[in-house]
1. Considering only residues that are within 16 Å of ligand 2 (Cβ to nearest atom), open to solvent by 10 Å² or more (accessible area, probe 1.4 Å) and hydrophobic (A, V, I, L, M, F, W, C), which ones fall in segment 93-126?
2. Going through segment 6-44 one residue at a time, which ones are β-branched (Val, Ile, Thr) and more than 16 Å from ligand 2 (Cβ to nearest atom)?
3. Can you find, within segment 215-242, the residue that is farthest from ligand 2 (Cβ to nearest atom) among those that are at negative phi and outside any helix (DSSP H, G or I)?
4. Having 1 or more residues that are of a type in the set (D, E, K, R) is the bar; report the helices (runs of 4 or more DSSP H) wholly within segment 15-112 that clear it.
5. Please go through (1) open to solvent by less than 10 Å² (accessible area, probe 1.4 Å); (2) within 11 Å of ligand 1 (Cβ to nearest atom) for Pro81 and return the number of the only condition it doesn't satisfy.
6. Say whether the condition of being open to solvent by 10 Å² or more (accessible area, probe 1.4 Å), under 13 Å from the mean Cα position of the chain (by Cα) and more than 25 Å from Gly205 (Cα to Cα) is met by at least one residue in segment 128-138.
7. Which residues, taken from segment 54-77, are within 19 Å of the chain's Cα centre (by Cα), buried (at least 24 other Cβ atoms within 10 Å of the Cβ) and not β-branched (Val, Ile, Thr)?
8. Does Lys108 satisfy being closer than 23 Å to Ile276 by Cβ and of a type in the set (D, E, K, R)?
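The values are calculated or read from the model by the stated rules, or taken from the named source; none is laboratory data. In this text, all values refer to a predicted model and were calculated from it rather than measured experimentally. All Cβ positions, even for glycine, are placed from backbone atoms using ideal geometry, and neighbour counts span all protein chains on display. Surface areas here come from the heavy atoms of the whole protein model, side chains and all, with no ligands, DNA or RNA. Shrake-Rupley method; radii C 1.70, N 1.55, O 1.52, S 1.80 Å.
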Amino acid sequence: MKVTVVGAGAVGASCAEYIAIKDFADEIVLVDIKEGFAEGKAMDLMQTASLNGFDSTITGVTNDYAATAGSDVAVITSGIPRKPGMTREELITTNANIVKTVAENLIKHSPEVIIIVVSNPMDTMTYLAAKATGLPKNRIIGMGGALDSARFKYRLAEALDCPQSDVSGMVIGGHSDVGMVPLIEKATRNSVPVSEFLSEEQKAGIVEATKVGGATLTKLLGTSAWYAPGAAVSELVKAIALDSKKMFPCSALLEGEYGLNDLCIGVPVLIGKNGIEKIVEIELSEDEKAKLVTSAEGVSKTNGLLEVEA
Ligand SMILES: NC(=O)c1ccc[n+]([C@@H]2O[C@H](COP(=O)([O-])OP(=O)(O)OC[C@H]3O[C@@H](n4cnc5c(N)ncnc54)[C@H](O)[C@@H]3O)[C@@H](O)[C@H]2O)c1
Ligand SMILES: O=C(O)C[C@H](O)C(=O)O
């Protein structure tokens with residue numbers, strides 16, 4: 001498998017590192033617009049191969065899409081991250097132009113590629129990539145829910161004082177501070193609903209901490225996070241490589257699923273060799289449905305800005 005990662009910054013390099021360490025890809029190509037930057041990151045990562053025990057090759061190029069030709073998967077991480085106090089939506093003007101150009105360049109050289117969009121505001125950038133490339137909807141995947149769900153599990157395990165491997169939970173909806181919908185009533189500890197162990201107040205605290213997970217890290221780091229985002233992307237790419245049909249919440253183009261249309265938003269999907277193999281429509285409570293609809297309204301509003309900006 002050949003994987004291209006566009007943007008060799010914090011998230012792009014972390015993606016490349018986790019993909020290499022998990023050792024399922026033959027070739028990883030890092031692309032950046034900053035002269036020599038991707039080449040440097042690739043060389044540094046390649047010098048970890050004997051230490052970390054992987055055989056994937058990693059190369060870096062400066063804005064040279066010919067080197068990405070024949071990619072099976074391409075991850076778009078190019079664009080600016082937010083600073084403390086900002087929302088992801090504020091990045092739209094700069095990142096829309098970058099994501100559109102990058103997506104168009106990618107499909108010129110890899111017509112069969114599956115694109116994973118990471119750049120923020122992610123749901124809107126995924127929608128933009130879908131529109132700009134015209135790729136079938138199974139081949140455009142937005143990464144946000146896999147990360148948000150990992151953060152949800154971190155918070156659940158913290159409150160339950162248990163290992164993260166004991167908890168299960170999922171976050172659907174838009175990848176934004178207000179739009180995330182952590183499915184707290186469906187979360188379990190080893191198949192037992194967490195409501196058996198946690199008070200209403202504790203559950204509300206977990207939901208809120210999950211929703212602002214990215215903002216909390218941005219405040220601490222001065223820029224947004226990269227380790228968990230990179231790891232989350234690597235799990236999606238691995239599910240494609242291994243055709244595992246594993247379920248993740250991902251931003252997918254909806255055409256009537258969940259009663260929603262003409263937007264990309266986080267819903268449970270099965271990931272396999274064709275990208276999104278299936279959008280899974282789970283039974284939502286009235287409260288969960290209402291939250292998803294409100295979240296979709298927010299994403300659509302941001303998509304509306306795109307028509308002006310893009
Ligand atoms: N979806 C998610 O869950 C998630 C998680 C973390 C970060 N993000 C987003 O990912 C993006 C990247 O974050 P980061 O921390 O890696 O930022 P960063 O600044 O460290 O890296 C971004 C890189 O993109 C490069 N770049 C800019 N324009 C380019 C172009 N046209 N072609 C190729 N490369 C280009 C820059 O030179 C830079 O190296 C941000 O928009 C951030 O908000 C999303
Ligand atoms: O918080 C951000 O701006 C980056 C990313 O979307 C995240 O959730 O870490």
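1. Those that are within 16 Å of ligand 2 (Cβ to nearest atom), open to solvent by 10 Å² or more (accessible area, probe 1.4 Å) and hydrophobic (A, V, I, L, M, F, W, C): Ile98, Val118.
2. If the condition is that a residue be β-branched (Val, Ile, Thr) and more than 16 Å from ligand 2 (Cβ to nearest atom), then Val6, Ile19, Ile21, Ile28, Val29, Val31, Ile33 are the ones that fit.
3. Among residues in segment 215-242 that are at negative phi and outside any helix (DSSP H, G or I), the one farthest from ligand 2 (Cβ to nearest atom) is Leu242.
4. Of the helices (runs of 4 or more DSSP H) lying wholly inside segment 15-112, those with at least 1 residues that are of a type in the set (D, E, K, R) span 37-46, 92-109.
5. (1)
6. no
7. Across segment 54-77, the qualifying residues are Ser71, Ala74.
8. Yes, satisfied.
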